Amino acid sequence: MPEEAKAWFRAKLIERFTLVDKELEGRDYLLGDQFSVADAYLFTVSNWGQYVGVDLSGFAHLSAYRARVAARPAVQAAMKAEGLLK
């Protein structure tokens, strides 16, 4: 894929993560106080950012959310089963 296309897609991802970051303000999870399948999906997709050159460190609410989800015992177990954690 041409570098110009990659840059365009990265910019689109940043736009989307900006929206998600704003939605997460004042919430533990996407839909409020309870973890849902949408959270599992967002956690997975946001983890891909590191592999495609999208830096999420500037998104305070998204970063806190990712830490909260990553700390869940079931998420830890799933990541270990997938070989993503030791």
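The values are calculated or read from the model by the stated rules, or taken from the named source; none is laboratory data. Treat the numbers as computed from the prediction; the structure is a model and nothing was measured. Backbone-built Cβ (ideal geometry, glycine too); neighbour counts: all protein chains shown. Side chains included, ligands, DNA and RNA excluded: accessible areas come from the protein's heavy atoms. Shrake-Rupley method; radii C 1.70, N 1.55, O 1.52, S 1.80 Å.
Go over the candidates G53, G49 one by one and state the one that is under 11 Å from the mean Cα position of the chain (by Cα) and either modelled with pLDDT under 90 or among the basic types (K, R) (or both).
Numbers: G53 fails: under 11 Å from the mean Cα position of the chain (by Cα).
Of G53, G49, the one residue that is under 11 Å from the mean Cα position of the chain (by Cα) and either modelled with pLDDT under 90 or among the basic types (K, R) (or both) is G49.
Just to be sure before I move on: is G83 small (G, A, S), open to solvent by 50 Å² or more (accessible area, probe 1.4 Å) and in contact (Cβ under 8 Å) with a residue 40 or more places away in the chain in the structure I sent? When the stated conditions are applied, G83 does not pass them. S63 falls short on exactly one of the conditions (1) out of contact with any helix residue (DSSP H, G or I) (no Cβ under 7 Å at 6 or more places or on another chain); (2) modelled with pLDDT under 95; (3) hydroxyl-bearing (S, T, Y), and that condition is (2). Output yes when any residue across segment 31-47 is touching a helix residue (DSSP H, G or I) at 6+ places or on another chain (Cβ under 8 Å), under 14 Å from R68 (Cα atoms) and either part of a loop (DSSP other than H, G, I, E, B) or of a type in the set (D, E) (or both), and no when none is. Scanning segment 31-47 turns up at least one residue that is touching a helix residue (DSSP H, G or I) at 6+ places or on another chain (Cβ under 8 Å), under 14 Å from R68 (Cα atoms) and either part of a loop (DSSP other than H, G, I, E, B) or of a type in the set (D, E) (or both). Among the residues of segment 1-60, those that are open to solvent by 40 Å² or more (accessible area, probe 1.4 Å), of a type in the set (S, T, N, Q) and under 26 Å from A74 (Cβ atoms) comprise Q34, T44, Q50, S57.
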